[in-house]
Every structure is written in C-alpha cells, then in structure tokens.
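The values are calculated or read from the model by the stated rules, or taken from the named source; none is laboratory data. As the structure is a computational prediction, the values presented were derived from the model and not from experiment. Every residue, glycine as well, gets a Cβ built from its backbone with ideal geometry; the counts of neighbours run over all protein chains shown. The area values use the complete protein model at the heavy-atom level, side chains included, leaving out ligands, DNA and RNA. Shrake-Rupley method; radii C 1.70, N 1.55, O 1.52, S 1.80 Å.
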Amino acid sequence: MRTMELSGVVLVLALALAPSSVALENGLARTPPMGWMSWERFRCNVDCQADPRNCISEQLFFEMADKLAEDGWRDLGYKYINIDDCWSAKQRDATGRLVPDPKRFPRGIKALADYVHARGLKLGIYGDLGIFTCGGYPGTMLEHVKLDAQTFAEWGVDMLKLDGCYSTAEEQAKGYPEMARALNATGRPIVYSCSWPAYQGGLPPKVNYTILAEICNLWRNYDDIQDSWGSVLSIVDWFFTNQDVLQPAAGPGHWNDPDMLIIGNFGLSYEESRSQMALWTVMAAPLLMSTDLRTISPSAKEILQNRLMIQINQDPLGIQGRRIVKEKSHIEVFVRPLSQAASALVFFSRRTDMPFRYTTSLANLHFPKDTVYEVQDVYAGKIIGALKTANNFSLVINPSGVVMWYLRPMALPVQPGYVRQQAPGEGFHPILL
Ligand code: GLA
C-alpha cells in the first residue's frame, strides 16, 4: 500500500470525495511476505481416510508449523503458514459464520492459530469473494464480507488470501475494497492478498494498479502455478513481457504475486529450481513455498534457505527488478536495484544444449561509469572480487539455469547485517577478463 503523501486537509477532502477508494494503510508487508502455503502441493485433498498424511487437515498444518519453526525456516523469515482452499465445512453454521470442517479441523482454526503463534509464526487463511470458493466451498458474498473479516480476526488470523471464483467484475470491484475496509475495522493487523487482477486479465485498463496498491498488500496477477518448468516459464514470460506495467506497481506494502514457489516438488530440475528462486527474488515476489517440508531434499532446502538470496528478496527499498537484456543466444539478464547502491544481477539461460559462456560488461548492462564493484556469487557464496564497470567478464550458465550476482560499490563501507557468505564452493572458477 502506498504511503499517503497528502496533507491533512487534502486527505480529509479526498476521503470525503472518494469513500470507496480509502487507502488501507495497514503498515504490513513492508517486504514481500515469506512462508508456506498448502495449495500447489496439497491441493484439495480432503480424503483423510485414504491419505491421512497429506489431506487438508489441522494435522498437516501442525506438522508444517513444527517444521517451519524447527528447521531454520522461521528464523530466515518464512513466518506465514497459509491455509488455502478446502478447509471449511460445506455449509455456514446457523449464525451464518464460516466454520472449519469438523472432521479435519476438530480443534478449530483458533486453536491452530494459537499453536502457530506459540511457535513465533503467523497464520494465513483463504476465502473467496463469490458464491463458492474455486474448490466449491462456501464463498464470501458481499453480504458476508464484514462477518467473515470479523470471524478471521477473532480466530487470530494474520493473513487473508481472497480469491475471486464465482463472482462478477462488478462484485469484485465492490467486494475487494470492502474487504480491505472490513479487515481494517477489525483492528487486527491482517495482510490482505487479493486475486482480483488475476480475474481481470492482470492488465490495464481493466486492472488499476494504483487502486490495488491502496487496497491490497499483495495480489495475484496471473494464472496459477503448476508443478512444471513450463508453468514457471509461462509465468516468467508474462511478468517480464508486462514489466512496464507491473514493475512500478510494486513497493513496500504492495507486491505483485507470481504465485507459489514449487521448489522441492516433482516438476523442476536442480537448475530450474535455482532459476525459480532467483527470478522470484528479482521480481520482489512473495516467497510462499508449497512443498512438503517433512521430506524436502537437502538441495531444495539449500536453495530456499540461501541467506544472501533472502536478503536480496527482502531488500528494504522494495524495488522490483526488470529484464534488461534478451540475447539472440537465448541468454537473458535481469537486474534489481537494492539499498546501499547495491544490485542483484541474474543471468538466465533458456538454452537446452549445454552450459553457455556469456561475455558482457557492467557498462553493457547500464551500470554507472567508473565504479568498482565487489561481486559475490549468490549461489556459490564466493566473493569473486573487484569488477570495474568497463571490464569485460565471462560466466558459464547452465541450460535452464542462472548465475546470480550481488554487486556492491567498493567505495561504500560494508553495512552491518550484510551477509557475506563464503561457502566451500569447490570447483568454482569465475572468469574475469
Ligand atoms: C484458485 C487460486 C489458487 C488456489 C485455488 C484453490 O485457482 O488461484 O491459488 O487458491 O483457487 O481452489
């Protein structure tokens, strides 16, 4: 959400004239939210008899909460544990309230929130502005907006994803701002994730990103991610093709959401997993993992727990990156400006033949003249050394893979808290020409 830069008088006037576009300045999500979300990996599996370990039940969330707290995730910033669709009973109760499925959530959502909070985590929940959720559970019609916001707040929920299945464009235009006001009115800080733009094609004139930034902390712009590299690529293509619209829309408190991280699942190779993480970080995307933290491989965990990567994703300036080069050789270069005049560079190969040697210079990539940068390889963890803007360098990018750099001007002192990781990284030989 954009900070109001209006004087008091103008603000009062603006509020009086435009009661439906009141900014929800809730002070939340100043950096992209991080955590875990059930949907991509666990979907709407409600058969707890046949599949007790993987069905949508309180047990699944208790177990993932334990993992988030015990395996280092929470301490790196992965704080939200988000229930997606299919958690509720098929009917509202006699008082019109949403209730969790009594068999699968016998202790109720409040008890789950307490459990999660006791472990220093936060709880997210899912609703849908419409007759039904996308999975066919009770939706939040316009007349339910206030009651559902209150219910979520009473349960101790910290984040709401409000989906848009089974509603019209008109209902969405009314309902999404109304939920923002209803959440605000509860007095409980609740991060608000809106699927509104995804239902309206994600682009102007149907989507107004200025209004969205005043209403929602994050928003889904585009299609659902699936467990495949093709799905990741289609999302990357759409977001960077439309970067002129999307990039300026993001900032502290209001983020584009290209959907969950599928690292740790079945569809991505090691290189592709590293690419998803790097590209999501360059996009200043929320880092919402959807994978089984009980069985995740050490290599997937290492990608998701890369400290310098997370530091870049969570950079306080909150500037979304852009694609700046698309080579005929199918190499693409992305840059994200960071605080302290630092930057992140991602060199991405769409090639499918063999590792490719790419040569360029920071001058080619529009970096300021006559500057010397300390370059650190984000995945290898190694500080490569000093690089002048004018110098050519070469690096080798694997098929469907990335090389990611963190660059810091050497004239500036190292900031406290700056992650300088020196991994063993055997066999890493950067080539500086
Ligand atoms: C939509 C959303 C998904 C997920 C499902 C649940 O498709 O975009 O992220 O929440 O609904 O049914």
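Tell me whether the range 395-406 contains one or more residues that are farther than 25 Å from L268 by Cβ and assigned to a strand (DSSP E or B). No, there is no match, as no residue in the range 395-406 is farther than 25 Å from L268 by Cβ and assigned to a strand (DSSP E or B). Being without any contact (Cβ under 8 Å) to a residue 12 or more places away in the chain and away from the ligand (no atom under 12 Å from the Cβ) is not true of A149. Given the criteria of a type in the set (D, E) and touching a Pro at 6+ places or on another chain (Cβ under 9 Å), does E272 qualify? Answer is no for this residue. Return the residues of the range 179-220 that are away from the ligand (no atom under 11 Å from the Cβ), part of a loop (DSSP other than H, G, I, E, B) and open to solvent by less than 40 Å² (accessible area, probe 1.4 Å); say none if nothing qualifies. Of everything in the range 179-220, those that are away from the ligand (no atom under 11 Å from the Cβ), part of a loop (DSSP other than H, G, I, E, B) and open to solvent by less than 40 Å² (accessible area, probe 1.4 Å) turn out to be I190, Q200, G202, V207, C216, N217.
Restricting the range 97-110 to residues that are open to solvent by 20 Å² or more (accessible area, probe 1.4 Å) and assigned to a loop (DSSP other than H, G, I, E, B) leaves a set whose member that is nearest to the ligand (Cβ to nearest atom) is D101. The condition of being closer than 21 Å to G230 by Cβ and within 14 Å of the chain's Cα centre (by Cα) holds for only one of M309, M277, that being M277.
Restrict the check to the range 30-43 and report whether at least one residue is in contact with a Pro (Cβ under 8 Å, 6 or more places away or on another chain), open to solvent by 40 Å² or more (accessible area, probe 1.4 Å) and under 30 Å from A250 (Cα atoms). Among the residues of the range 30-43, at least one is in contact with a Pro (Cβ under 8 Å, 6 or more places away or on another chain), open to solvent by 40 Å² or more (accessible area, probe 1.4 Å) and under 30 Å from A250 (Cα atoms), which makes the answer yes. For the residues I235, I225, the requirement of being among the β-branched types (V, I, T), at pLDDT 95 or above, in a loop (DSSP other than H, G, I, E, B) and within 14 Å of the ligand (Cβ to nearest atom) singles out I225.
Which of the residues belonging to the range 128-138 are without any contact (Cβ under 8 Å) to a residue 60 or more places away in the chain, farther than 18 Å from P197 by Cα and within 11 Å of the ligand (Cβ to nearest atom)? Across the range 128-138, the qualifying residues are F132, G136, Y137. Across the range 111-165, what is the total count of residues that are in a strand (DSSP E or B) and under 19 Å from R74 (Cα atoms)? Residues meeting the conditions: 5.
Going by the conditions given, is D93 of a type outside the set (V, I, T), within 20 Å of the chain's Cα centre (by Cα) and in a loop (DSSP other than H, G, I, E, B)? It is false that D93 is of a type outside the set (V, I, T), within 20 Å of the chain's Cα centre (by Cα) and in a loop (DSSP other than H, G, I, E, B).
What number of residues in the range 277-303 are assigned to a helix (DSSP H, G or I) and touching a strand residue (DSSP E or B) at 6+ places or on another chain (Cβ under 6 Å)? Number satisfying all stated conditions: 2. Residues of the range 26-85 that are among the small types (G, A, S) and without any contact (Cβ under 8 Å) to a residue 24 or more places away in the chain: A50 alone. Among the residues of the range 112-127, those that are open to solvent by 10 Å² or more (accessible area, probe 1.4 Å) and farther than 23 Å from W196 by Cβ comprise D114, Y115, H117, A118, R119, G120. Scanning the range 35-78 for residues that are under 24 Å from the mean Cα position of the chain (by Cα), at negative phi and of a type in the set (K, R) yields a count of 3. So in the range 291-327, with the set limited to residues that are of a type in the set (K, R) and farther than 17 Å from A69 by Cα, which one is most open to solvent (accessible area, probe 1.4 Å)? By that ranking, first place goes to K326.
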